[in-house]
Amino acid sequence: MKPFHFGPTTAPLYGVFHPAHQQQGRVPAVLLCNPFGVEAIRAFRIYRILAEKLAAAGSPVLRFDYTGAGNSAGDDAAFCVARAVEDILLAHKELVDISGAARVAWLGLRFGGGLALLASQHKPRGLGGLCLWDPVTDGSAYLTEMHDAHLLELSRVFDESEKSILTKRQQVDLSAEAMGFAIGPDMQADIPDLNLNVITERPARRVAVIAGGHEDALTAHLEQTGAKITTHQDEESQSWNTDAALNAFSVPRKTLDLLVETLGGLR
Amino acid sequence: MREEIIQFGDDNRLMGVLTLCPETVMDKPLVIILNAGIVHHVGPNRLHVKLARHLAQTRFDVLRFDLSGLGESLPAPPGKGYEEQSIADTRQAIDMMQERFGERQIVLAGICSGADNAYRTALEDTRVTGLILLDPYAYQNTTAQISDLAKRAQDPERWKRLAGRLLSGADEGEGTDEVMEDDNDRIPPEREVFGQQLQRLTDRSVRMLLLYTSSVRHLINASNQFQQTFREFDFSDNLEVEVLSHVDHTYTELSSQKELMSRLDGWLGG
């Protein structure tokens, strides 16, 4: 495991490269695309363990933080859809350069799934498959969901009604934050760009969807682009996404096994 | 401001990120931020990154790192318990920082279990001259209990919410007044022991800032309650306590993050 900086020296991205334990000829390299905000913090452990498992199964792996997220340069407000898409393309090239892999599969979790779909439209050389795990495919609806979750969380931790929370924060621009993270002007402006209508090209030859239960429109849309879609149901696949899971060492083993098998087949 | 990934400790097992102020300021302490629970070194709500970068802009060199087996750090060989290993890891972080920057003063900072580990390390390592403890151990205080119950009883919406949860068959433990996210599985030392340990630290001239949030409001909800709870001790001016009752445990709101930074600026003299 090798943590390092890559990308522009003035605004470096943070990445961790996991070399394959034993390179297998037909197994792709894997790029892990993070979710956004609090979901990225919650996903850290499962991504790290997944990267280790994939490396043990023969895939070189790169996980990384977008601009304005995690350890990468930029404050929260620097994060936006357009920049995150550029970061995925940059990370893809970095992974190809350091691993020498001819084929790369991307895993996109939640918001990272939507971003990976957008980035795939740029047709980066070597992208063989996409695995979308409970993907967000409507940016505006997601932002509303995050704002609602923010209010609900404040109501829970302060044990006050949402009405009371809102009354006390009349001077606060609640559209500019969600669940601990700033939502900058760029993100507010370009988050509607994350939607299925802009996916007009086949994202990759093979697309696997780990279902969160609302992917019918997504799979129908992607089939129209000519991609070969497989869907996988996994009842444990959302269990990582809670504060309780963040503070527990357990990770959903079945989901990890499913992801290793699915990603290994995306070549 | 520049950041550097660093691996250190036995077999380079520990990993952290140094956030460096643009120019070396020898009279400023080195700041080390410890894991909050088992969240990696980015911190809950990316708070450790935000704090480190803010402090670097105000001329501090800052390390945030992962204890053995957490985040990007590798597990330690078996032999030490969690507390012992956490102290050993933190002391290795201090070794690395002083080798790199010279024998400057050390300030340890942490939320929740991070506060506990910072405080335990300070008891064993005299190089630590400052502690920033966010939601450290808190002890039952009758005044706090009464005022918390009184405040809750005045909120009619609270009873509606509670009734709604019960009627809908929602998990009874979730969100009810008694179950707060304050101390998870933390086992605090006896009140007297904690007081004696704080006394040892203040007698050693260790400066301490203790900030309590709403997550422990049933234990402490006004700063003078701390003095009441430890009335037999004299911590002098080395120990400051503040209660931020409008702030949650992980500083979720941006306004609370800004307030924390401003409070630290004042205390550190940034």
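The values are calculated or read from the model by the stated rules, or taken from the named source; none is laboratory data. Quantities reported herein were computed from a predicted structural model and do not represent experimental measurements. Note that each Cβ is placed from the backbone with ideal geometry, even for glycine, and that neighbours are counted across all protein chains shown.
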Exercise. Filtering the range A:75-126 down to residues that are more than 20 Å from A:Met1 (Cα to Cα) and aromatic (Phe, Trp, Tyr), which residue is surrounded by the most Cβ atoms within 10 Å (Cβ to Cβ)?
Worked result: A:Phe111
For this session: Inspect the range A:137-147 for any residue being under 25 Å from A:Arg206 (Cβ atoms), assigned to a loop (DSSP other than H, G, I, E, B) and touching a helix residue (DSSP H, G or I) at 6+ places or on another chain (Cβ under 8 Å) and give the result as yes or no.
Result: yes
For this session: Identify the residue in the range B:213-234 that is of a type in the set (Ser, Thr, Tyr) and within 14 Å of another protein chain (Cβ to nearest Cβ) and, among all such residues, is surrounded by the most Cβ atoms within 10 Å (Cβ to Cβ).
Result: B:Thr213
Seminar exercise, completed: Only one of B:Asn35, B:Asn45 is buried (at least 22 other Cβ atoms within 10 Å of the Cβ), more than 22 Å from B:Ile106 (Cα to Cα) and either more than 17 Å from the chain's Cα centre (by Cα) or not aliphatic (A, V, I, L, M) (or both), namely B:Asn45
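Any residue at all in the range B:68-86 that is in a strand (DSSP E or B), away from every other protein chain (no Cβ under 14 Å) and not acidic (Asp, Glu)? Don't jump to the end; show me each part of the working.
Residues of the range B:68-86 that are in a strand (DSSP E or B), as a first pass: none.
No, the range B:68-86 contains no residue that is in a strand (DSSP E or B), away from every other protein chain (no Cβ under 14 Å) and not acidic (Asp, Glu).
Just name the residue that is surrounded by the fewest Cβ atoms within 10 Å (Cβ to Cβ) out of those in the range A:221-251 that are more than 14 Å from chain B (Cβ to nearest Cβ) and under 30 Å from B:Asn35 (Cβ atoms). Don't jump to the end; show me each part of the working.
Going through the range A:221-251, the residues more than 14 Å from chain B (Cβ to nearest Cβ) turn out to be A:221-239, A:241.
Still in the list and also under 30 Å from B:Asn35 (Cβ atoms): A:234, A:236-239, A:241.
Working: A:Asp234: 19, A:Glu236: 13, A:Ser237: 21, A:Gln238: 18, A:Ser239: 17, A:Asn241: 18.
Among those residues, the one meeting the criterion is A:Glu236.
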Exercise. Any idea which residue in the range B:37-65 is farthest from B:Thr129 (Cα to Cα), counting only those that are part of a loop (DSSP other than H, G, I, E, B) and touching a His at 6+ places or on another chain (Cβ under 8 Å)?
Worked result: B:Val42
Exercise. Filter the range B:246-263 for residues that are surrounded by fewer than 18 Cβ atoms within 10 Å (Cβ to Cβ) and of a type in the set (Ser, Thr, Tyr); which is nearest to A:Asp159 (Cα to Cα)?
Worked result: B:Ser255
Exercise. Has the range B:2-9 got at least one residue that is under 20 Å from B:Glu99 (Cα atoms), more than 9 Å from every other protein chain (Cβ to nearest Cβ), part of a loop (DSSP other than H, G, I, E, B) and touching a Lys or Arg at 6+ places or on another chain (Cβ under 9 Å)?
Worked result: no
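Based on this model, can you work out whether A:Arg205 counts as more than 30 Å from A:Asp76 (Cα to Cα) and in contact with a strand residue (DSSP E or B) (Cβ under 8 Å, 6 or more places away or on another chain)? Give the derivation first.
Working: more than 30 Å from A:Asp76 (Cα to Cα): yes; in contact with a strand residue (DSSP E or B) (Cβ under 8 Å, 6 or more places away or on another chain): yes.
When the stated conditions are applied, A:Arg205 passes them.
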Seminar exercise, completed: Sole miss for A:Asp190 among (1) assigned to a helix (DSSP H, G or I); (2) within 22 Å of A:Thr242 (Cβ to Cβ); (3) touching a helix residue (DSSP H, G or I) at 6+ places or on another chain (Cβ under 9 Å); (4) of a type outside the set (A, V, I, L, M, F, W, C) is condition (2)
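Just the residues that are among the small types (Gly, Ala, Ser), modelled with pLDDT of 95 or more and within 17 Å of the chain's Cα centre (by Cα), please, taken from the range B:218-261.
In the first step, residues of the range B:218-261 are kept if they are among the small types (Gly, Ala, Ser); the result is B:222-223, B:236, B:245, B:255-256.
From what's left, modelled with pLDDT of 95 or more: B:255-256.
Across the range B:218-261, the qualifying residue is only B:Ser256.
Of the residues A:Arg83, A:Arg110, A:Arg125, only one is touching a residue at least 12 places away in the same chain (Cβ under 8 Å), within 23 Å of A:Ala20 (Cα to Cα) and either of a type in the set (D, E, K, R) or within 14 Å of another protein chain (Cβ to nearest Cβ) (or both); which? Give the derivation first.
Details: A:Arg83 fails: within 23 Å of A:Ala20 (Cα to Cα); A:Arg110 fails: within 23 Å of A:Ala20 (Cα to Cα).
Just a single option satisfies the conditions, and that option is A:Arg125.
Do we find that A:Thr219 is on the phi < 0 side of the Ramachandran plot, part of a helix (DSSP H, G or I) and of a type in the set (Val, Ile, Thr) in this structure?
Working: on the phi < 0 side of the Ramachandran plot: yes; part of a helix (DSSP H, G or I): yes; of a type in the set (Val, Ile, Thr): yes.
Taking the combined requirement at face value, the residue satisfies it.
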Problem set entry | Sole exception among (1) farther than 18 Å from A:Glu39 by Cβ; (2) touching a helix residue (DSSP H, G or I) at 6+ places or on another chain (Cβ under 9 Å); (3) at pLDDT below 95 for B:Gly37, by number | (1)
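Identify all residues within the range A:1-17 that are of a type outside the set (Gly, Ala, Ser), within 11 Å of chain B (Cβ to nearest Cβ) and surrounded by 14 or more Cβ atoms within 10 Å (Cβ to Cβ); write none if there are none.
Residues of the range A:1-17 that are of a type outside the set (Gly, Ala, Ser), as a first pass: A:1-6, A:8-10, A:12-14, A:16-17.
Still in the running and within 11 Å of chain B (Cβ to nearest Cβ): A:1-5, A:9-10, A:12, A:14, A:16.
The answer is A:Met1, A:Pro3, A:Phe4, A:His5, A:Pro12, A:Tyr14, A:Val16.
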For this session: Read through the list (1) closer than 23 Å to A:Pro12 by Cα; (2) at pLDDT below 95, then give the number of the only condition that A:Gly108 fails.
Result: (2)
Seminar exercise, completed: The condition of being more than 14 Å from chain A (Cβ to nearest Cβ) and either under 20 Å from B:Arg120 (Cβ atoms) or in contact with a helix residue (DSSP H, G or I) (Cβ under 9 Å, 6 or more places away or on another chain) (or both) holds, among B:Arg64, B:Arg91, only for B:Arg91
Seminar exercise, completed: If you go through A:Asp190, A:Asp148, A:Asp138, A:Asp186, the only one that is more than 12 Å from every other protein chain (Cβ to nearest Cβ) and over 18 Å from A:Val81 (Cβ atoms) is A:Asp148
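Look through the range B:12-22, keep the residues that are away from chain A (no Cβ under 13 Å) and not in a strand (DSSP E or B), and return whichever of them is farthest from B:Asp95 (Cα to Cα). Break it down stepwise before answering.
Taking the range B:12-22 as the starting set, the residues that turn out to be away from chain A (no Cβ under 13 Å) are B:20-22.
From what is left, the residues that are not in a strand (DSSP E or B) are B:21-22.
Numbers: B:Cys21: 19, B:Pro22: 22 Å.
The selected residue is B:Pro22.
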For this session: Working carefully through the options A:Leu218, A:Leu259, A:Leu166, A:Leu196, find the one that is surrounded by fewer than 16 Cβ atoms within 10 Å (Cβ to Cβ), touching a residue at least 40 places away in the same chain (Cβ under 8 Å), more than 10 Å from chain B (Cβ to nearest Cβ) and out of contact with any strand residue (DSSP E or B) (no Cβ under 6 Å at 6 or more places or on another chain).
Result: A:Leu196
For this session: Could you list all residues from the range B:12-28 that are in contact with an Asp or Glu (Cβ under 7 Å, 6 or more places away or on another chain) and modelled with pLDDT under 95?
Result: B:Cys21
For this session: Restricting attention to the range B:233-270, report how many residues are assigned to a strand (DSSP E or B), among the hydrophobic types (A, V, I, L, M, F, W, C) and over 22 Å from A:Glu160 (Cα atoms).
Result: 2
